[in-house]
Amino acid sequence: TDLRPLDILSEAVPAAGLARGMRVFQVQGVRGFQLSASRPRALGFPASRLFIHCDRFPEEFSIIGRGHGPAPRLRARVLPQRNEYIFTLMGEESPSVLVGLRYAPDKLHFLFWSQERAGGWQTRVTFANVSLSDNQWHTLVLAVSGQSFSLTVDCSIPKDVVVETPFPASLSVRRASFYLGNRRRRKGVFTGLLRQLVLLPGADATPRICHAMNFKVATLSVPTVLQDVPAKPVSNEVLKYPYETDMKVTLGARPRCTKQEKAQFWFNASRRGLYLCNGSTWLSMLEVQHRLDYVEEYQNLVTNSETMGIEVFTIPKVGLFAAMANRVTPPGSAIYRWTDGKFVPYQNIPTYQAQSWKYFTIGKKIFLAVANFEQNERGQEFSVIYKWSRRKAKFITYQRITTHSARDWEAFVIEGEAFLAVVNHREGNNHNIDSVIYRWNPRTGLFETNQTIPTSGAYDWEFFTIGPYSFLAVANTFNGTSTKIYSHIYIWLNGSFQLFQSILTFGAADWEVFHIGDRVFLAVANSHSYDSGMPAPSNFYAINSSIYELNITAQMFVKFQDLLTYSALDWEFFSVGEDSFLVVANSFDGFTFSVNSIVYRWQGYEGFVAAHHLPTMGCRDWEAFHTPEGSYLFYSSAKEPLSKVLKLKTT
């Protein structure tokens, strides 16, 4: 079986319309199918339409019954007084249920047929105290593996059952059919509403469903007719599928959009646009969404020297800028301004093997901080904060801070107070030193030490918030003997950062946090695997970098996906239209610095999938930015004095 979600409900819906015996109802703003008992066979289809490459039911799998948004939901509108079948899988000439899900008052039964003995027998796994008849939508995830069966309802505590008879390792589905809401009879038809029914082979779907801040916004697969935004009509029809709800189209000036107006339409005659209220905002139904087609070279930017990092920022009423962290001093690092569609030199600042820049504001003050890796001509080791002078229209020195081989600055605000955190990489040959968090003192107008955090050859800070909570993640790279060490995530509690979670990393060089819908992800760029006490691997640099996802139930980040990278030094998340992307800075494959960096496209169930291969030379940093003329990617090279701006071409 292909290890992909198999949408049982969508397969039963003909492309040209609804199957006979199906009606669409909308309740509480959510659509579902009501199934008729008059024609139970009309609600079936051959199993071969799902199991294309193999005629065996998967040995391990999850069944997801799903409602609006993120999780499977089953709508039970009438209290059942008898057994009702949610679905069955039955042989062509046999009355026996091969696989089925049956609901009785306060119970859920999972049925399967074992053919390991002559004649076979049916096993029933019962989950007690399961109430779906409370006039609400519900989410179910049933995970099956051998003798273990686990049911999660509405992402609450799972109900686990272990039975003597394991699910069969080889259950044939040849000449078998799926039936929605029945067992090929009029008796026992499901009387509620079904919104989603998905089979996920080879995996426990619970982490995918119960990952978000609000599990009700996660989704696997929903038939088009049930989706919140109706399909665009292919002819002059108003709605391709009728469903039973109140419909209203408002004309004239922009009306309000609240929960009371959810699923109502507004026609803007001046713009000739049709909009749908989702409960808070008006969504355009006719808007053309741009999609990334390809990436083209736009500008080759010759730099002062090799560039370790880029910071793209906008100064209000002045323009778009890019600060380059150049390795060699002199001439130091350059700031470029976007002029007539290109970056042109604007200001040069003395730096000392600069690693990165950080742009931030405090009130009306505008700052730019540089992380210097080496000492100046006087043997002093400072990183410097510069302030934008409106009178001189350039950055001038504002505050020097003692650092130790600084790699990165991170600026953030917590509860109205401004902070600036520096990553100290090493002091001499000692990589296990403190990195420092500074707090802005409004009275003195300076940053002052607020907290120190032990780090190991650290490269990067990443600040992010989730709801009311503030987090700070550090990428630890090397402890003096190994790159296989823990990087840490800290949470702000009671006026300071405290350890929240530790994640094993391999020469971590960067953290990138990003959101897709209500899901929160954290990607780490692993640069190389080295341990002085272990045999050398065949390639230190070809190594997985990992993407983690926040699991609210577990209150921790859990691994979501591994991607093979080549001494990865940076991740950058960006969006084009409704599509989400990640681009990785691959810097060295063990043989050459001329390595492709990869743009990955978010594919939902499949995670991130390689979409574009971009030739780069010792790629160190990526920045995404937008102008009225379009969207761009900007990368720096740590091995040649040439950085490149790439334009995203869309369709």
For the range 292-650: relative contact order, % (alpha-carbon pairs under 8 angstrom, 6 or more apart): 13 percent
Share of carbon and sulfur in the accessible heavy-atom surface of the chain [1.4 Å probe, %]: 49 percent
Formal net charge of residues neighbouring residue 96 (Cβ-Cβ distance under 12 Å; K, R +1; D, E -1): 0
Amide H contacts of residue 86 (H built 1.01 Å from N, under 5 Å, at least 5 apart or other chain): 101, 102, 103
Within-14-Å neighbourhood charge of residue 642 [Cβ basis; K, R +1; D, E -1]: 0
Anisotropy class of the range 292-650 from Cα gyration tensor, a/c 1.5 cut: rounded
Relative contact order %, the range 428-517, counting alpha carbon pairs below 8 Å whose residues are six or more apart: 23 percent
Karplus (6.51, -1.76, 1.60) ³J(HN,Hα), θ = phi - 60°, over the range 303-314, in Hz, Gly and Pro reported as x: 10, 4, 6, 3, 10, 8, x, 10, 10, 9, 8, 10
Sum of side-chain charges, residue 311 neighbourhood, beta-carbon under 10 Å (Lys, Arg +1; Asp, Glu -1): -1
Cα gyration tensor category, rounded, prolate or oblate, for the range 311-469 with a/c compared to 1.5: oblate
Spin-label pair residue 481/residue 387, simplified geometry with 7 Å Cα→Cβ offset, distance in nm: 4.7 nm
Loop GluC sites (Glu not before Pro), the range 544-595 (other Cβ atoms within 10 Å of the site Cβ: 12 or fewer; DSSP): 578
The range 372-444: GluC sites (Glu not before Pro) in DSSP loop, at most 14 other beta carbons within 10 Å: 374, 377, 415
For the chain: relative contact order, % (alpha-carbon pairs under 8 angstrom, 6 or more apart): 10 percent
Accessible area in square angstrom per residue, the chain, 1.4 angstrom probe: 45 Å²
Estimated FRET transfer efficiency when R0 is 51 angstrom, pair residue 250-residue 93 (beta carbons, to 0.05): 0.35
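The values are calculated or read from the model by the stated rules, or taken from the named source; none is laboratory data. What you see is a predicted model; the values in this text were computed from it and never measured. No Cβ is skipped: glycine too gets one built from the backbone with ideal geometry, and neighbour counts run over all protein chains shown. Note: areas computed on protein heavy atoms with side chains; ligands, DNA, RNA excluded. Shrake-Rupley method; radii C 1.70, N 1.55, O 1.52, S 1.80 Å.
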